[in-house]
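A.B. asks: Next up is a structure, given as structure tokens.
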Amino acid sequence: MQKIELLIKNGLLLTYDKKPFIGNIAIDKGRIIEFGNFRNKYDAQEILDATNKIVMPGFVNTHTHVAMSYFKGMADDLPLMEWLSKHIWPVENNFLSADFVRDSSLHGCAEMIKNGITTFNDMYFFGDQTAESAQEIGIRAVLGEGVLDYPVANYKNADEIFAYITKMNSKYKDNALIDFAIAPHAIYTCGKENLIKAKELAQKLDLLLHVHLSETKQEVADCLKRHNLRPAEYLDSLGFFEQRVLAAHAIWLDEREQNILAENNASIAINTSSNLKLASGFDSFASYLEKGINLSIGTDGVASNNNLSILEEISLTSKLQKALNDDPTILPARQMVEIATSGGAKALGKEKNIGSIEVGKNADLICVDINNIQSQPLYNPFAQLVYTLTSENITDSIVNGKIVMKDRELVNVDEAELIDKAQYYKQKIIDFRN
Ligand SMILES: [Zn+2]
């Protein structure tokens with residue numbers, strides 16, 4: 001019998017090219033080497049019994065700000081600019097440091113694993129420390145270092161950020177879990193010169209460009225006033241889309257802007273909860289789908305969401321789009337699950353390695369318990385995932401072939417310690433704000 005590292009047995013496997021079926025997955029050196037109905041073929045170091053569980057690709061969260069975890073619930077129910085300028089920015093200015101980012105990211109990475117996320121695409125500062133926390137938890141990460149025109153955190157200017165990204169890119173080049181990306185914050189915080197520099201560096205190092213785009217109507221109006229172009233047209237005029245772009249939000253794209261994204265294979269991170277809660281607005285994605293723009297799901301940061309549940313995002317997004325389009329057939333359950341997994345993988349340029357159960361891909365998988373009152377009866381696992389189940393039903397998580405959550409317990413960190421630390425920082429933040 002062939003020796004392998006991990007065998008997942010007897011799970012209800014969700015693959016995207018056949019019907020769900022009960023089977024096994026053989027995993028070695030971080031990759032899926034076979035899946036199907038084989039028996040007594042492998043001698044596995046570790047066996048995960050997935051009887052009465054769905055086994056599926058882990059979720060890919062394509063837009064978040066993980067180091068903002070300790071700001072969850074700090075200030076809510078406020079207009080965006082007031083929320084940022086009176087609450088978030090003063091606390092960030094006081095607290096942002098390498099240690100804060102490492103601790104807060106660790107909390108956020110833990111929370112993501114609990115929500116079935118096996119890869120996340122971040123936009124923040126001190127990516128090196130977030131990388132440490134991601135590795136400690138065992139989650140895959142693409143870390144977009146934020147680029148802005150004015151001094152932030154530990155950088156005096158954008159050139160320092162570009163130098164940092166270059167350094168981090170070589171530091172993590174051969175790391176199995178970590179990639180860096182370039183994240184110009186938005187067209188209203190990043191001027192023409194830095195947007196072009198960001199694009200040129202992304203081309204040179206072949207990195208993803210991760211940008212907030214067309215999040216509010218105000219952004220569109222301001223852009224038209226300043227540049228006489230809509231936001232995506234403005235970026236296009238700078239050659240921004242010559243490199244792979246992931247646009248977060250992208251709610252207010254008109255026909256011409258949608259064509260720009262489609263023609264350049266840019267992807268969108270949909271952040272429905274954040275858009276609803278901040279009243280940034282929402283619009284139909286029907287024409288985006290028609291044009292074949294690659295869609296993915298982001299949670300945005302917990303400071304604005306306030307949770308990291310992809311299951312909640314896909315449920316909400318599907319229902320909101322059905323209502324907006326007066327069409328219950330739009331974004332059916334199976335498509336929503338694919339958007340949250342393989343759509344995310346494609347958005348990050350990782351479709352060859354993650355996002356589906358296929359031989360040769362990285363074993364980034366989750367198990368979802370279906371042996372409970374809420375889950376039964378089960379006719380269609382895709383519908384159950386989108387309309388019925390919650391993150392509490394996600395029991396196990398495997399990233400790069402390693403089990404990082406078993407029976408809802410994180411394997412690599414002490415959860416009680418994370419809770420203590422969150423309470424410690426909460427007190428410090430309260431003291432500062434008083
Ligand atoms: Zn964001």
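The values are calculated or read from the model by the stated rules, or taken from the named source; none is laboratory data. Note that the structure is predicted; figures quoted are calculated from it, not measured. Cβ placement follows ideal geometry from the backbone for every residue including glycine, while neighbour counts extend to all protein chains displayed. Side chains are part of the model used for accessible areas, which takes the heavy atoms of the whole protein and leaves out ligands, DNA and RNA. Shrake-Rupley method; radii C 1.70, N 1.55, O 1.52, S 1.80 Å.
A.B. asks: Could you calculate the FRET efficiency of GLN2 with THR390 from 1/(1 + (r/R0)^6), where r is the beta carbon distance between them and R0 is 35 Å, rounded to 0.05?
C.D. replies: Values: r = 38 Å, r/R0 = 1.08.
Using R0 = 35 Å, I get an efficiency of 0.40.
A.B. asks: Taking θ = phi - 60°, what integer Hz values does the Karplus form 6.51 cos²θ - 1.76 cosθ + 1.60 yield along segment 257-265, in sequence order, with x for Gly and Pro?
C.D. replies: For segment 257-265, the Karplus-derived couplings read 5, 4, 5, 4, 5, 5, 5, 9, 6 Hz, x marking Gly and Pro.
A.B. asks: If amide H atoms are built 1.01 Å from N in the plane of the peptide, which residues on other chains or at least 5 residues away come under 5 Å of the amide H of PHE21?
C.D. replies: LEU13, THR15
A.B. asks: Additional query: Could you give each residue of segment 273-285 its phi-based ³J(HN,Hα) in whole Hz, using Karplus coefficients 6.51, -1.76, 1.60 with θ = phi - 60°, and x for Gly or Pro?
C.D. replies: Karplus-based 3J(HN,Hα) across segment 273-285 equals 4, 4, 5, 5, 5, 8, 6, 6, x, 7, 9, 6, 9 Hz.
A.B. asks: Please work out the Cα center distance from segment 26-52 to segment 352-404, rounded to the nearest Å.
C.D. replies: Taking the Cα centre of segment 352-404 as reference, the centre of segment 26-52 is 16 Å away.
A.B. asks: Can you tell which of GLU92, GLU136, GLU193 shows the greatest fluctuation in a Gaussian network model of the chain with Cα springs below 10 Å?
C.D. replies: GLU193
A.B. asks: Okay, next question. I'd like to check one number: the per residue accessible area of segment 294-341, probe 1.4 Å, reported in Å² as a whole number.
C.D. replies: The answer is 30 Å² per residue.
A.B. asks: Just to check I understand the Karplus step: with θ = phi - 60° and J = 6.51 cos²θ - 1.76 cosθ + 1.60, what whole-Hz values come out for segment 77-93, glycine and proline as x?
C.D. replies: 6, 10, x, 3, 5, 5, 4, 5, 6, 9, 10, 5, 4, x, 5, 4, 4
A.B. asks: Could you please report the charge total around LYS352, scoring K, R as +1 and D, E as -1 over all other residues with beta-carbon less than 11 angstrom from its beta-carbon?
C.D. replies: Value of the local net charge: +1.
A.B. asks: May I pose another question? Taking H placed 1.01 Å from N in the peptide plane, check which residues at least 5 places from ALA181 or on another chain put their amide H under 5 Å from its amide H.
C.D. replies: Residues meeting the criterion, in which the H sits 1.01 Å from N, are LEU143, GLY144, GLU145.
A.B. asks: Ignoring ligands, DNA and RNA, how do TRP89, TRP252 rank by accessible area with a 1.4 Å probe, largest first?
C.D. replies: Ranking TRP89, TRP252 by accessible area, largest first, yields TRP89, TRP252.
A.B. asks: A further question on this structure: If each residue of separation counts as 0.36 nm, what is the full-extension length gain between ASP43 and ILE196 once their alpha-carbon separation is subtracted?
C.D. replies: This chain segment gains 49.8 nm when fully extended.
A.B. asks: Tell me, what is the 1.4 Å probe accessible area of ARG102, in Å² to the nearest 10?
C.D. replies: 70 Å²
A.B. asks: Relative to 2.2 N^0.38 Å, what does the C-alpha radius of gyration of segment 283-405 come to as a ratio? Two decimals please.
C.D. replies: Normalised Rg, Cα atoms only: 1.10.
A.B. asks: Helix 217-227 versus the longest principal axis of the chain: what angle, 0 to 90°, nearest 10, using Cα atoms?
C.D. replies: Tilt relative to the chain: about 50 degrees.
A.B. asks: Which value in deg cm²/dmol, rounded to the nearest 500, describes the helix-derived mean residue ellipticity at 222 nm for the chain, given -39,500 (n - 2.57) per DSSP H run of n ≥ 4 and division by the residue count? Could the numbers behind the result be given before it?
C.D. replies: Values: 16 runs with 157 residues, N = 434.
Computed ellipticity for the chain at 222 nm equals -10500 deg cm²/dmol.
A.B. asks: What span do the alpha-carbon atoms of segment 169-238 cover on each of the three principal axes, reported in whole Å from largest to smallest?
C.D. replies: Principal extents (Cα only, largest first): 44, 20, 16 Å.
A.B. asks: While we're here: If you find the alpha carbon centre of segment 293-330 and of segment 185-240, how far apart are they in angstrom?
C.D. replies: Computed from Cα coordinates, the inter-centre distance equals 24 Å.
A.B. asks: So what does GLU351 come to for accessible area, using a 1.4 Å probe and Å² rounded to 10?
C.D. replies: 80 Å²
A.B. asks: Using Cα-Cα distances under 8 Å and only pairs 6 or more residues apart, what relative contact order does the chain have, in percent?
C.D. replies: Relative contact order for the chain comes out at 20 percent.
A.B. asks: Considering segment 244-306, what Rg and Dmax in Å follow from its alpha-carbon atoms?
C.D. replies: Cα-based Rg and Dmax for segment 244-306 come out at 11.7, 34 Å.
A.B. asks: Separate question: Can you give me the relative contact order of segment 160-318 as a percent, contacts being Cα pairs under 8 Å and 6 or more apart?
C.D. replies: Contact order relative to length: 17 percent.
A.B. asks: Shifting gears a bit: Can you send over the solvent-accessible area of VAL386, 1.4 Å probe, protein chains only, in Å² to the nearest 10?
C.D. replies: Only protein atoms counted, so the area is about 0 Å².
A.B. asks: OK, next. I want to verify the translational diffusion coefficient of the chain in µm²/s; compute it with Stokes-Einstein, Rh as the Kirkwood radius over Cα pairs, at 10 °C and 1.306 mPa s.
C.D. replies: So the translational diffusion coefficient is about 72 µm²/s.
A.B. asks: Along the Cα→Cβ direction, 7 angstrom out, place labels at ASP17 and ASP327. What is the inter-label distance in nm?
C.D. replies: Going by the 7 Å Cα→Cβ label model, 2.9 nm.
A.B. asks: Express as a percent, rounded to the nearest 5, the fraction of DSSP beta bridges in segment 59-347 (both residues included) that run antiparallel. Walk me through the intermediate numbers first.
C.D. replies: Details: 1 of 32 bridges.
If we restrict to bridges inside segment 59-347, about 5 percent are antiparallel.
A.B. asks: If you don't mind, there's one more thing I want to ask. Put a dot 7 Å past each Cα toward the Cβ at ASN93 and ASP77; how far apart are the dots in nm?
C.D. replies: Calculated label separation equals 2.7 nm.
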